Amino acid sequence: MVKKFQLPMLSRWWTPLPPPSPNGKNILETGREDPLFEDRFKGLRAKFEQKSEMLNFRVVGVTSSIAGEGKTLSCAFLAGCLALTGRKRVLLVDTDIRKGDLTRGLGLPRQPGLTEYLMGTVTLQEIVRDSHIPTLKVIPAGAEVQFPADLLSGEPFRAFLKEIRARFDIVLLDTPPILPVADTINMRDQLDAFVFLFRASYTPVEMFRQAVDEIGEKKILGVIINAVEPQSKKYIDKYYGYYQQRKPTEEESVA
Ligand SMILES: Nc1ncnc2c1ncn2[C@@H]1O[C@H](COP(=O)(O)OP(=O)(O)OP(=O)(O)O)[C@@H](O)[C@H]1O
Ligand SMILES: [Mg+2]
């Protein structure tokens, strides 16, 4: 499918993850008990680092065509993996102001965050939060605003990106989906590139195509395919046999 679109593949998980823990555990704890999951992200990190260094990309949005494709989870994990090497100063920004899932998922208070900074009521220092990884910082979404798409396309946002470009080696932005709202398209020109999520057996290919067209193929660093079905039983038996013993949870059977 990605080949048909001539888009580079960054990663492919066929592993449905266990659902996030209901007791509000940090999003970065998801999949901890699954060694393959972490392994996928290490592979993704290698490809991401190679490409972003080669193309000199520093500010990258993680996006998808519709809601629920795994953007927030992937964005947080990729940032965590990149920061863990200690080689790079990594910043995660929650630009999904409508939902603030990344902020919530990392257990951070929403305010003050991006929206307050863009409205000029706080300084950058006040919104950059520490994480449990010394080289990973996070900017929460901030209070909800009536027109996030406008806030994300104005001059203050442009100035914000310029400021953080100078302070971090990699900036990953968790973005809203492209088709339902204008926020991500409005940010498009300010970002160096996008990582695109595609959730198999969930996202209609037509919608993926439409969203890719809106962003433009040249701006897409690569695609992560989430929850891909195994290609062949033989392959699974050989390498990942123990997965078949796991009973799918309710959440998994949605994928
Ligand atoms: N492979 C997977 N297996 C099982 N659950 C998954 C998988 N990928 C994501 N999820 C779960 O699906 C839900 C949606 O994931 P996530 O929030 O990362 O998607 P999103 O694209 O950011 O959604 P939104 O567009 O609503 O912001 C979360 O509860 C997440 O834990
Ligand atoms: Mg999200």
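Computed from the coordinates by the stated procedures, all read-outs in this text should not be read as laboratory data. The structure displayed is predicted, hence computed values, not measured ones. Counting neighbours? That spans all protein chains shown, and the Cβs are built from the backbone with ideal geometry, glycine included.
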Vicinal HN-Hα couplings computed from phi for the stretch 134-147 (Karplus, 6.51 cos²θ - 1.76 cosθ + 1.60; Hz; Gly/Pro x): x, 8, 10, 10, 9, 10, x, 5, x, 5, 5, 10, 6, 10
For Arg58, what charge total do you get from the other residues with a beta carbon under 9 Å from its beta carbon, if Lys and Arg give +1 and Asp and Glu give -1? -1
Pop the C-beta distance of Asp189 and Lys99 into the FRET formula with R0 = 25 Å and round what comes out to the nearest 0.05. 0.60
Suppose R0 equals 45 Å. What FRET efficiency, 1/(1 + (r/R0)^6) with r the Cβ-Cβ distance, do Asp169 and Glu206 give to the nearest 0.05? 0.75
For 59-72, 37-50, ranked highest to lowest by mean beta-carbon neighbours within 10 Å, the order is 59-72, 37-50
Summing Lys, Arg as +1 and Asp, Glu as -1, what charge do residues with Cβ under 11 Å from the Cβ of Lys99 carry, Lys99 excluded? -2
As a quick test, which of the pairs Lys137/Lys162; Lys99/Lys218; Lys51/Lys137 have an alpha carbon distance above 25 angstrom in this structure? Lys99/Lys218
Along the stretch 86-100, what does the Karplus equation 6.51 cos²θ - 1.76 cosθ + 1.60 (θ = phi - 60°) give for ³J(HN,Hα), rounded to whole Hz, x for Gly and Pro? x, 7, 10, 8, 10, 10, 10, 10, 8, 9, 8, 5, 5, 10, x
